[in-house]
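Working notes, structure below.
All of the numbers you see were taken from the coordinates with simple rules; none came from a lab. Given the structure is predicted, the values throughout are model-derived calculations rather than measurements. Every residue, glycine among them, receives a Cβ derived from its backbone with ideal geometry; neighbour counts consider all protein chains shown.
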Amino acid sequence: MAEAGRVVVLTGSYTPDTGGEGVGVTALRFTPGDGLGVVDAVAASGASYLAAHPTLPVVYTTHESTPGAVSAFGLREGAAPVPLGAPLTSGGANPCHLTVHPSGDYLLTANYGTDTLPGTVAVHRLDADGRLTDLTDVVEHEGSGPVTGRQEGTHAHQVVVDPAGRYVLATDLGADTVFTYELEPDPGKLKPVAASRLRPGSGPRHLAFTPSGDLVLSADELSSTVTCHRYDAETGTLHEVSRIPATAVADIPNQPAGIVTSDCGRYVWVTNRGPDTVAAFRITGTALEPLGEIPSGGNWPRGLTTAAGHLLVANQHSGTVAALGILEDGSLVESGVVVAVASVVCALVI
């Protein structure tokens, strides 16, 4: 859905019923040299994360609440997407991330949980048109960590499929663990394979693979670090090889949020909530080298995505989406391109 250098972007926002001021899903257009503009919006309660179907004009959103729900939307050229049926249960509380299996047959959802409800990962079957059908599985995580107030129980924060399409990986911020599963396509069940225990108190939030699949980088919310792990594609396990502070700002508490790697696999970028920056790192072998950090274009940056030689950053508290330029060496530069989207937390290029 792009023409003449124009990129179409969907954003997700918290809504008044979920503690925010946004509408839900907003369609933007981004043209380098021309800027960002709002095209249309559609109501979607607590739309905290979006994912696209790999082959169909369908996107999916979380509804981050207790109990949680997920929805499917059909894409439209030049307008906001339209609902494809009523929301279905997410299989847990506070769904905060989802992804479509590469087969296109299943939606996978990470439910953060609450202080009393565990983090879970759920599976929904999709029909031939990409619509949500039955909930085929829900798995509960087990574990805890040393950080008081954040790690008394499990908190699933992301679910992804590895580059080979073999394993499903779910980060758990509360348990300092990445849980690995195989998705059994009939009847859509998750089979536990492994549990990679990460550094205690790190609080892994999101992962980003390099294109080769050999390395996976984690944004560690509680330790304010970025960790490089060697990924064993045979066993689906992570093995730490290096780590680095997520920000060079020492006097402001920081919680890293979003993380994305470059298409070439040489760079990784991370949003920092607290100093309100986006940090750039070069990946050299298995080491991470800081390339500097710049203002995120707003306050409390969450999700980010690459688009036409830029990073688009969702700044939740300021309600802004900012475009940051990516230089040839992987470092970033402010562009001054910002558009208002209330309570925005994620962005998806479609």
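Annotations for the structure displayed:
- Extreme residue, surrounded by the most Cβ atoms within 10 Å (Cβ to Cβ), among residues of segment 259-285 that are over 21 Å from residue 171 (Cα atoms) and among the β-branched types (Val, Ile, Thr): 278
- Among the residues of segment 309-320, those identified as crowded, with 17+ Cβ neighbours inside 10 Å and either assigned to a strand (DSSP E or B) or in contact (Cβ under 8 Å) with a residue 60 or more places away in the chain (or both) are 310, 311, 312, 313, 314, 315, 316, 319, 320.
- The set of residues in segment 118-167 that are in contact (Cβ under 8 Å) with a residue 12 or more places away in the chain, surrounded by fewer than 21 Cβ atoms within 10 Å (Cβ to Cβ), under 20 Å from residue 185 (Cα atoms) and among the small types (Gly, Ala, Ser) comprises 164, 165.
- Residue 22, sole failed condition from (1) within 24 Å of residue 337 (Cα to Cα); (2) among the small types (Gly, Ala, Ser); (3) within 18 Å of the chain's Cα centre (by Cα): (3)
- Scanning segment 212-228 turns up one or more residues that are acidic (Asp, Glu), closer than 17 Å to residue 284 by Cα and part of a loop (DSSP other than H, G, I, E, B).
- Count - residues of segment 126-145 that are charged (D, E, K, R) and closer than 13 Å to residue 179 by Cβ: 2
- Hits in segment 275-308 - residues which are among the small types (Gly, Ala, Ser) and either touching a residue at least 40 places away in the same chain (Cβ under 8 Å) or part of a strand (DSSP E or B) (or both): 279, 280, 287, 292, 297, 298, 303, 307, 308
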